[in-house]
Amino acid sequence: MIKVLFFGPVVERIGKKSLEIGYRADMTLQALRDELALHYPHAFEIVCFFAVNGQHVRDLALPLADNSEVTFMAKFSGG
Amino acid sequence: MKAAVRIQQEDFSQDEEILALKASSRRMGGIATFVGCARDFSEGRDVSEISFDAYGSMAVSEMNQLRSDAIAKFGLLDARIVHRICTVTAGDNIVFIAAGAEHRVAALEACRWMIDELKLRVPIWKKEVTPQGEAWVSSHP
């Protein structure tokens, strides 16, 4: 199972703070992103940062391990 | 003593943070601080409240990395970063950054660098409440 977390403006567009997605052996971050973007295109319009297990990821080809925590994030605005 | 890097709901004391910074080294000759606070006006609109959301565990991890990077990059003796995650109104404190170094130039440059990097690297989001409704802030001037 992959746990997907959302925060701030992405939560508002998706309507929930998290999702659980069944794990597939060949799953990459790109595949997960594309799958979710099909269901939530309005939310993924503003997604520009990705994290896996709390670490920034820039290579969407990253293979995901089972039980990963994946986050799709909008531009930050802290401070 | 409180951790040098924190996110928290409650307000922070600048005096306590500076005392903690000073306690880390007797060689400290310059301390630069930045306090970000809430405004009642933004992008041409009145703002009644600002609320924050954060990916808490990652935010703290990134802020710790940011502190370590600043200490290494500018040769600081110590640094502290505190960000509130709550709802604030005009005048309330939001973020505190302090850089302590042997001399002023490193402290001043590091303080500016840390707040700029925080806005780019740390997963925190700000929402403004205005008479026209609520809006997440996407820019970070």
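Regarding residue B:70, is this residue among the hydrophobic types (A, V, I, L, M, F, W, C) and within 25 Å of residue A:7 (Cα to Cα)?
no
Tell me which residues, restricted to segment A:19-58, are of a type outside the set (A, V, I, L, M, F, W, C) and closer than 22 Å to residue B:57 by Cβ.
A:20, A:23, A:33, A:53, A:54, A:55, A:56, A:58, listed by residue number.
From (1) within 14 Å of another protein chain (Cβ to nearest Cβ); (2) surrounded by fewer than 18 Cβ atoms within 10 Å (Cβ to Cβ); (3) touching a Lys or Arg at 6+ places or on another chain (Cβ under 8 Å), pick out the condition that doesn't hold for residue A:72.
Of (1) within 14 Å of another protein chain (Cβ to nearest Cβ); (2) surrounded by fewer than 18 Cβ atoms within 10 Å (Cβ to Cβ); (3) touching a Lys or Arg at 6+ places or on another chain (Cβ under 8 Å), only one is false for residue A:72: (2).
Please verify whether segment A:32-40 includes one or more residues that are part of a loop (DSSP other than H, G, I, E, B) and either loosely packed, with under 12 Cβ neighbours inside 10 Å or at the interface with chain B (Cβ under 9 Å from one of its Cβ atoms) (or both).
As a first pass, look at segment A:32-40 and keep what is part of a loop (DSSP other than H, G, I, E, B): A:40.
When the remaining residues are screened for being either loosely packed, with under 12 Cβ neighbours inside 10 Å or at the interface with chain B (Cβ under 9 Å from one of its Cβ atoms) (or both), the result is none.
Checked segment A:32-40: no residue is part of a loop (DSSP other than H, G, I, E, B) and either loosely packed, with under 12 Cβ neighbours inside 10 Å or at the interface with chain B (Cβ under 9 Å from one of its Cβ atoms) (or both).
Which residues, taken from segment B:72-84, are outside any strand (DSSP E or B), surrounded by fewer than 24 Cβ atoms within 10 Å (Cβ to Cβ) and touching a Gly at 6+ places or on another chain (Cβ under 7 Å)?
B:77
When you scan segment A:1-13, how many residues do you find that are crowded, with 16+ Cβ neighbours inside 10 Å and in a strand (DSSP E or B)?
3
Identify the residue in segment B:28-41 that is within 17 Å of residue A:79 (Cα to Cα) and more than 11 Å from chain A (Cβ to nearest Cβ) and, among all such residues, is surrounded by the most Cβ atoms within 10 Å (Cβ to Cβ).
Step one: filter segment B:28-41 for residues within 17 Å of residue A:79 (Cα to Cα), giving B:32-41.
Narrowing the set further to residues that are more than 11 Å from chain A (Cβ to nearest Cβ) leaves B:32-33, B:38-41.
Details: B:32: 21, B:33: 16, B:38: 19, B:39: 13, B:40: 13, B:41: 10.
Checking each candidate, the answer is B:32.
To keep it simple, each residue is scored yes or no on (1) within 14 Å of chain A (Cβ to nearest Cβ); (2) within 19 Å of residue B:115 (Cα to Cα); (3) surrounded by 14 or more Cβ atoms within 10 Å (Cβ to Cβ).
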{"position": "B:22", "(1), (2), (3)": "no, no, yes"}
{"position": "B:26", "(1), (2), (3)": "no, no, no"}
{"position": "B:50", "(1), (2), (3)": "yes, yes, yes"}
{"position": "B:53", "(1), (2), (3)": "yes, yes, yes"}
{"position": "B:58", "(1), (2), (3)": "yes, yes, yes"}
{"position": "B:65", "(1), (2), (3)": "yes, yes, yes"}
{"position": "B:70", "(1), (2), (3)": "no, yes, yes"}
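Tally up the residues in segment A:14-31 that are surrounded by fewer than 18 Cβ atoms within 10 Å (Cβ to Cβ) and either within 13 Å of chain B (Cβ to nearest Cβ) or not in a loop (DSSP other than H, G, I, E, B) (or both), please.
Final tally of qualifying residues: 8.
List every residue pair whose Cβ atoms lie under 8 Å apart, where the two residues are 6 or more positions apart in sequence or sit on different chains, the first residue falls within segment B:102-116 and is over 16 Å from residue B:21 (Cβ atoms), and the second residue, located anywhere, is part of a helix (DSSP H, G or I).
The qualifying pairs are B:109/B:74; B:113/B:70; B:113/B:73; B:113/B:74.
Among the residues of segment B:86-130 satisfying the criterion of being part of a strand (DSSP E or B), in contact with a helix residue (DSSP H, G or I) (Cβ under 7 Å, 6 or more places away or on another chain) and away from chain A (no Cβ under 12 Å), which is farthest from residue B:55 (Cα to Cα)?
B:101
Residue by residue through segment B:1-42, note down the ones that are part of a loop (DSSP other than H, G, I, E, B), more than 16 Å from residue B:110 (Cβ to Cβ) and in contact (Cβ under 8 Å) with a residue 12 or more places away in the chain.
B:1, B:2, B:9, B:10, B:11, B:12, B:38, B:39, B:40
Just so you know, all these numbers are worked out from the coordinates, no wet-lab data involved. These numbers were taken from a predicted model, which means no experiment stands behind them. Quick reminder, even Gly has a Cβ in these numbers, built from the backbone with ideal geometry, and neighbours come from all protein chains shown.
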